[in-house]
Structure formats: structure tokens, C-alpha cells
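Asker: Structure incoming, see below.
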Amino acid sequence: MTRPRFNRILLKLSGEALMGPGQFGIDPATVAGMAAEIADAKQRGHELCLVVGGGNIFRGVAGAAAGFERASADYMGMLATVMNALAVQNALEKLGVETRVQSAIPMDNVCERYIRRRAVRHMEKGRIVIFAAGTGNPYFTTDTAAALRAAEMSCDALFKGTSVDGVYTADPKKVPDAKRYETLGFSRVLADDLRVMDAAAVALCRDNNIPIVVFNIRQPGNLAHVLAGEGTATIVQNEEI
């Protein structure tokens, strides 16, 4: 199935995607490879902004389950996303790609604070903008931050890079005969609790008519294929489209 080609996209990367073969932290070779694919997408004419999770360093929900107060745990997770954003920025700039990191939590000695108009201007100038620290508020995931920034940047679509090549009827790692969806409606995702992204993120994308494209970011070269409307992925969109 050929999907539409989107021009301005927000790419949501999980923190785990930066771990590579490790179980924790940031693998420089993995980040460099991912940066090369992002740089290639930019060279092909796409306007790009990114949101990176922090689960490879610290996950707020897990921290809360382990005994941390939830708001404090979420702030710790937000700081982890800043570390990941700086790692991706470093890898992109080594390739000659102009990149800016904007944080929802002000830390002016490290990166820019998030200002929507400034972020839009960076994109207009051909820079890649990486949004860090989630929404700046506890109790909101980086999925929700990705949907919010995609709406604020007037993105054509939100691309979610995961370790699987789409949305399945069940976890394909646990259920070998699980079936992959080619397309899904937002209402079906919410009603069946398919866990594409958290409910707030899905609702934001639905209300702002931003398709979600779920694909395997860990497969080398896959980002270019999916951006071209090819490759294997699941697209979640409004049913009337």
C-alpha cells in the first residue's frame, strides 16, 4: 500500500531507540546512524522536528512505581530527554545539519527555552528543531508532548519510530500470529485501547487532523522508505480521510 508523502513532520523517537544493543544509556554508534537517516530525510526536502523520550535513562512512571513522588519522578524523566536531545543534536551537527534544541524547562546555558514562534522560524530557515523536556509539566508523557508540538508546528504528520513495524492486534513479540493493521481510525485506537500512543496524544492528533505513522526506526534505511510513502508501517488517521 502506498501512503501519502508528508512534507513537514514531527519524528517521535523513544529513548530506548538510542540504546542500541545496550540495556541502558546512549550508544554513540546508534545515535550516529539515526542522525544520518534524519539528515538524509532533510536532504530529500522534508521539514523535520523531533521529540525524544528519556526511557533509556529514567522513566517517570517507573520511578514513581519504585517509590519516588510522581511529579518529581516526571521532572527527572524530562531532564533525561534533554540529555538525549543534546546527543542527537551533536550527532546531527557532526553531519553539518543545523540543529536547535528547545527545552520546555528553561536551562539557558544548555539549550534554548521553548518559544513557538522561534521554533517555527528555525524550521523556516531549514534547521531541525529538537523539543526536549516534554511539555514541561508532570503527568504528561513525551507522546503527548510530541502531539502538542506537532500541532503547534503545523506538521502534516507525526511519525512514531518504535521497535516494531506498525500497530498489531496483539504484541507481535508475544503473539507470533498477531496481524498488523495497514490503517486505523483514531476512534478505533481509543475505543480498543491499542496503545499506539497515550490517549491524550491520540486525541490531540485526532482533533487537529494529524495522522500518526508508526514504523520500525531500528531497521536501517526504514525512515527514508516510510517518508517516501513506502515501506512497512501503520497509519492512524481520521476515518473520513
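Asker: Remind me, what semi-axes does the chain give for its equivalent ellipsoid, largest first in whole Å, using sqrt of 5 times each Cα gyration tensor eigenvalue?
Answerer: Semi-axis lengths for the chain are 24, 22, 18 Å.
Asker: Can you work out the base-10 log of I(q)/I(0) for segment 1-135 at q = 0.12, 0.15 1/Å, using the Debye formula on its C-alpha atoms alone?
Answerer: -0.48, -0.73
Asker: Normalised by the residues of the chain, what does the relative contact order come to in percent, with Cα pairs under 8 Å and at least six apart?
Answerer: About 22 percent, as a whole number.
Asker: Taking the Cα centroid of segment 71-119 and of segment 212-234, what is the distance between the two, rounded to the nearest whole Å?
Answerer: The distance from the Cα centre of segment 71-119 to that of segment 212-234 comes to 25 Å.
Asker: Which trypsin sites (Lys or Arg not before Pro) from segment 125-155 combine a DSSP loop assignment with at most 10 other Cβ atoms within 10 Å?
Answerer: Taking segment 125-155 and a limit of 10 other Cβ atoms within 10 Å, the loop trypsin sites (Lys or Arg not before Pro) found are LYS125.
Asker: Filter the chymotrypsin sites (Phe, Trp or Tyr not before Pro) in segment 1-70 to those in DSSP coil with at most 14 other Cβ atoms within 10 Å of their Cβ, and list the result.
Answerer: Here the sparse-neighbourhood loop sites are PHE24.
Asker: Evaluate the distance, in nm, between pseudo-label points positioned 7 Å from the Cα of ASP171 and of ARG5 along their respective Cα→Cβ axes.
Answerer: Roughly 3.8 nm, to one decimal.
Asker: A further question on this structure: Where Rh is the Kirkwood radius over the Cα pairs of segment 22-100, the temperature 4 °C and the viscosity 1.567 mPa s, what D in µm²/s does Stokes-Einstein return?
Answerer: So the translational diffusion coefficient is about 95 µm²/s.
Asker: Would you calculate, for the chain, the mean residue ellipticity at 222 nm contributed by helices, counting each DSSP H stretch of 4 or more residues as -39,500 (n - 2.57) and dividing by all residues, to the nearest 500?
Answerer: Per the formula, -11000 deg cm²/dmol.
Asker: Could you identify which residue out of GLY77, GLY96, GLY55 has the top mean-square fluctuation in a GNM of the chain using Cα springs shorter than 10 Å?
Answerer: Highest fluctuation of the listed residues: GLY96.
Asker: Moving on. Taking Cα pairs under 8 Å and at least six residues apart, what relative contact order does segment 185-241 come out at, in percent?
Answerer: Once normalised by length, the contact order is 41 percent.
Asker: If you put +1 on each Lys and Arg Cβ and -1 on each Asp and Glu Cβ, how big is the dipole of the chain around its Cα centre, in Debye rounded to 20?
Answerer: 400 debye
Asker: With loop defined by DSSP as not H, G, I, E or B, and exposure as at most 15 other Cβ atoms within 10 Å, which is the longest segment of the chain clear of exposed GluC sites (Glu not before Pro)?
Answerer: Between the exposed loop sites, the longest stretch runs 99-181.
Asker: Using +1 at the Cβ of each Lys and Arg and -1 at the Cβ of each Asp and Glu in segment 135-224, identify which of LEU184, PRO172, PRO138 lies farthest towards the dipole's positive end.
Answerer: My answer, from the dipole projection, is PRO172.
Asker: What are the semi-axes of the equivalent ellipsoid for segment 88-191, taken as the square roots of 5 times the Cα gyration tensor eigenvalues, largest first, in whole Å?
Answerer: 31, 16, 14
Asker: Cross-link list LYS125/LYS160; LYS12/LYS42; LYS94/LYS125: which exceed 22 angstrom alpha carbon to alpha carbon?
Answerer: LYS125/LYS160
Asker: Please work out the FRET efficiency for the pair PHE24 and ASP192, using the Cβ-Cβ distance as r and a Förster radius of 35 Å; give the result to the nearest 0.05.
Answerer: 0.60
Asker: Another question, then. Where the only charges are on Cβ atoms (+1 Lys, Arg; -1 Asp, Glu), what is the dipole of segment 24-166 about its Cα centre, to the nearest 20 debye?
Answerer: 360 debye
Asker: Between ASN109 and GLU182, take the C-beta separation as r, use R0 = 51 Å, and let me know the FRET efficiency to the nearest 0.05.
Answerer: Using R0 = 51 Å, I get an efficiency of 0.65.
The numbers here are math on the coordinates, done by the rules we state, and not lab data. All values derive from a computational prediction rather than experimental measurement. All Cβ positions, glycine included, derive from the backbone under ideal geometry; neighbour counts span all protein chains shown.
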